[in-house]
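The values are calculated or read from the model by the stated rules, or taken from the named source; none is laboratory data. What you see is a predicted model; the values in this text were computed from it and never measured. Reconstructed Cβ throughout: ideal geometry from the backbone, glycine too, with neighbour counts over all protein chains shown. Ligands, DNA and RNA are excluded from the accessible area calculation, which covers all protein heavy atoms including side chains. Shrake-Rupley method; radii C 1.70, N 1.55, O 1.52, S 1.80 Å.
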Amino acid sequence: MTTLSPRPAADSASRRRQRLWAVLVLAVLAPFTVDVLFGATSIANISGLLSEISTYGFAAVLIRAVVRRRVLGFSSIVLFGLAFALTTEFLIVQTSLAPLGSLVPYPDYGRAMGVNWPFLVWALGYETLWGIAMPIALTELTFPLHRTSAWLGVRGCLVLTLLFVLGASAAWYNWTQLSSPGYVHLPVYLPPLLTVLCGWVVVLMFVIVGLLLRPAQRPIRPSGVSADSGPAAPGPWVVGIAAGLATFLWFAFTVLWPLSGAWARSVPAFVPLLLAVILAGVLVVVVGGWTRRPGWSDAHRLAMVSGALLTSMAVGFGSNDLPDPVTLIGKIVLNVVAVVALVLLARKVRRRAPSTTE
């Protein structure tokens, strides 16, 4: 007589637990990469992490779930990230619409038609990549066995969507009605309805295009041609250094430009912003070409994220107000912990077999 082995059930339970851990890691990692490690949220205000988990964290989990369930590609993650970033800037915290006042040294530079254009351009790129795309990449590299699964079912997505709406509403009220007038002494600002509607239209466009865009297929090679023919992907170190340099240029064009002196502020704001947009376009073409080359691997993905993240952490020391030793030491400690974690993940990726997905 034969007996049924309980092993499949145990394996299934183990996979569910790992997927739950992956969801939790991504939900916490998203606000860390975009705000805490950069220094915008200091260790003294770490309680604000709960609000950021309900916005950045839940948004990252939902975006990834939609992309994996519909078998979409990285381009859709970026488009959905842009939709989330624009929702944040126009509808939730509205920092790209409200007068910035004392939040930045030169609040009027680049402000036109009721929009803080340098801040908006920077935020769209930064919140999309650091708040959505990079945390997703890091979490999938940490849990490679579950890279292709959605982690959430339909019911889970609906529940998380409701929690996201509640968290976003609380974040809107806390920032626009309490923190902004109470702590940074800015008046409560009500953006024009037309501006808000335009923002909604663009958000909807990003979402629709993201749903319709199918992942690029690798070209079919003629018979007898090796799959490894053609130029190989550059080494991970090259990718990491390029990502770090691109990150610095992005901050230079969008954030650091008006701080460079009176000569920089005498240049119309559209000039550095145009350079930033050109930089983004070049990166799309170059990185897209690299990912389709033979030899592109998880080591390259991690190098790209690490180069961008390390540079943003360094720039954060000069871009954020670190008024006391506790805030400064807290950022240093968190950044060191992040570097150690990236090194450990890199060692894990190097030891991994080439194919470890479900």
Conditions (1) part of a helix (DSSP H, G or I); (2) surrounded by 14 or more Cβ atoms within 10 Å (Cβ to Cβ) -> Leu274 fails only (2)
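Picking from Trp250, Trp257, Trp200, which residue would you name as being in a helix (DSSP H, G or I), open to solvent by less than 80 Å² (accessible area, probe 1.4 Å), more than 30 Å from Trp296 (Cα to Cα) and modelled with pLDDT of 90 or more?
When all the criteria are applied, what remains is Trp257.
Okay, residues lined up against (1) open to solvent by 50 Å² or more (accessible area, probe 1.4 Å); (2) in a helix (DSSP H, G or I); (3) more than 23 Å from Val202 (Cβ to Cβ); (4) in contact with a Ser or Thr (Cβ under 9 Å, 6 or more places away or on another chain):
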residue: Leu120; (1), (2), (3), (4): no, yes, no, yes
residue: Glu127; (1), (2), (3), (4): no, yes, no, yes
residue: Gly131; (1), (2), (3), (4): no, yes, no, yes
residue: Met134; (1), (2), (3), (4): no, yes, no, yes
residue: Thr139; (1), (2), (3), (4): no, yes, yes, no
residue: Ala150; (1), (2), (3), (4): no, no, yes, no
residue: Gly156; (1), (2), (3), (4): no, yes, yes, no
residue: Leu160; (1), (2), (3), (4): no, yes, yes, no
The number of residues in the stretch 88-117 that are aliphatic (A, V, I, L, M) and more than 22 Å from Gly131 (Cβ to Cβ) is 2
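Given the structure, is Val271 more than 19 Å from the chain's Cα centre (by Cα), within 20 Å of Val104 (Cβ to Cβ) and modelled with pLDDT of 90 or more?
Numbers: more than 19 Å from the chain's Cα centre (by Cα): yes; within 20 Å of Val104 (Cβ to Cβ): yes; modelled with pLDDT of 90 or more: yes.
Spelling it out, Val271 is indeed more than 19 Å from the chain's Cα centre (by Cα), within 20 Å of Val104 (Cβ to Cβ) and modelled with pLDDT of 90 or more.
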Restricting the stretch 278-304 to residues that are within 30 Å of Pro105 (Cβ to Cβ) and within 17 Å of the chain's Cα centre (by Cα), the residue that is most open to solvent (accessible area, probe 1.4 Å) = Leu283
Determine which single condition Val188 fails, assuming it passes every other condition in (1) over 25 Å from Tyr126 (Cβ atoms); (2) of a type in the set (A, V, I, L, M); (3) modelled with pLDDT of 90 or more; (4) touching a helix residue (DSSP H, G or I) at 6+ places or on another chain (Cβ under 6 Å).
-> (3)
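Would you confirm, using the coordinates I've provided, whether Val28 is in a helix (DSSP H, G or I) and more than 29 Å from Ile332 (Cα to Cα)?
Numbers: in a helix (DSSP H, G or I): yes; more than 29 Å from Ile332 (Cα to Cα): no.
Considered against the rule, which asks whether it is in a helix (DSSP H, G or I) and more than 29 Å from Ile332 (Cα to Cα), Val28 comes out as no.
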